Ligand SMILES: [Fe+2]
């Protein structure tokens, strides 16, 4: 009987099918991030379709900016680590699109995800205000309960949360996430928020001989 009591106290919760989001502190030094921000903010001339206080650069091609080229090299080993988590193998990865975002006070980025890629990422060139940290959202209309129990007396946890807010990123930090994850930036109540975003692909996936290759 004592054995049964001990076994009952050792109950385990298995967290099934977790989603990897990789935070890499200080991928860029603060001076390098600030210098890159100063150059890219001048090129952010493409207005966002849903916020007039958000602008983007055109996609940055290799050779456009030596700092961006160096950044891509710094990102690559972390992409390989994400690839190991998502696909179980260290694969060749390619950053296929990279661009900058400049969000003014009062602007926001609508909920979205990224198509035609596997891993997406953000490099924070300024420290985002607490109001404008990247927010990830649970898939809408997923294979989940359609009942909720949200009220002052209920507690949010990893199993019932609808959203997850990135813990305070610092200047130069990198965040990698699966491209299918919905994310947004709420209304920015702080100063100018500058980031670099990118999409990456694994060059080849093989499922027991049924392989696909990708190129931009
Ligand atoms: Fe995004």
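Just so you know, all these numbers are worked out from the coordinates, no wet-lab data involved. The shown structure was predicted, so the numbers you read here are calculated from the model rather than taken from an experiment. Virtual Cβ from ideal backbone geometry, glycine too; neighbours counted across all protein chains shown.
Summary table below
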read-out: Selection status of residue 137, within 14 Å of the ligand (Cβ to nearest atom) and either touching a residue at least 40 places away in the same chain (Cβ under 8 Å) or surrounded by fewer than 20 Cβ atoms within 10 Å (Cβ to Cβ) (or both); value: yes
read-out: Residue match in segment 1-11 (condition: out of contact with any strand residue (DSSP E or B) (no Cβ under 9 Å at 6 or more places or on another chain), touching a residue at least 12 places away in the same chain (Cβ under 8 Å), part of a loop (DSSP other than H, G, I, E, B) and closer than 28 Å to residue 163 by Cα); value: no
read-out: Residues of segment 190-216 classified as out of contact with any helix residue (DSSP H, G or I) (no Cβ under 8 Å at 6 or more places or on another chain), at negative phi and part of a loop (DSSP other than H, G, I, E, B), total; value: 5
read-out: Residue within segment 114-132 that is under 28 Å from residue 17 (Cα atoms) and exposed (fewer than 13 other Cβ atoms within 10 Å of the Cβ) present; value: yes
read-out: Inter-residue pairs, beta-carbon under 8 Å, first free of Cβ contacts under 8 Å to residues at least 60 places away in the same chain and in segment 82-97, second surrounded by 14 or more Cβ atoms within 10 Å (Cβ to Cβ) and assigned to a loop (DSSP other than H, G, I, E, B), 6+ apart; value: none
read-out: Segment 42-69: number of residues that are assigned to a helix (DSSP H, G or I) and under 20 Å from the mean Cα position of the chain (by Cα); value: 2
read-out: Residue 39 assigned to a helix (DSSP H, G or I), surrounded by fewer than 18 Cβ atoms within 10 Å (Cβ to Cβ) and in contact with a helix residue (DSSP H, G or I) (Cβ under 8 Å, 6 or more places away or on another chain); value: yes
read-out: Check on residue 109, in contact (Cβ under 8 Å) with a residue 12 or more places away in the chain, buried (at least 20 other Cβ atoms within 10 Å of the Cβ) and either within 16 Å of the ligand (Cβ to nearest atom) or under 15 Å from residue 194 (Cβ atoms) (or both); value: yes
read-out: Members of segment 167-186 that are within 16 Å of the ligand (Cβ to nearest atom) and touching a helix residue (DSSP H, G or I) at 6+ places or on another chain (Cβ under 7 Å); value: 174, 176, 178, 185, 186
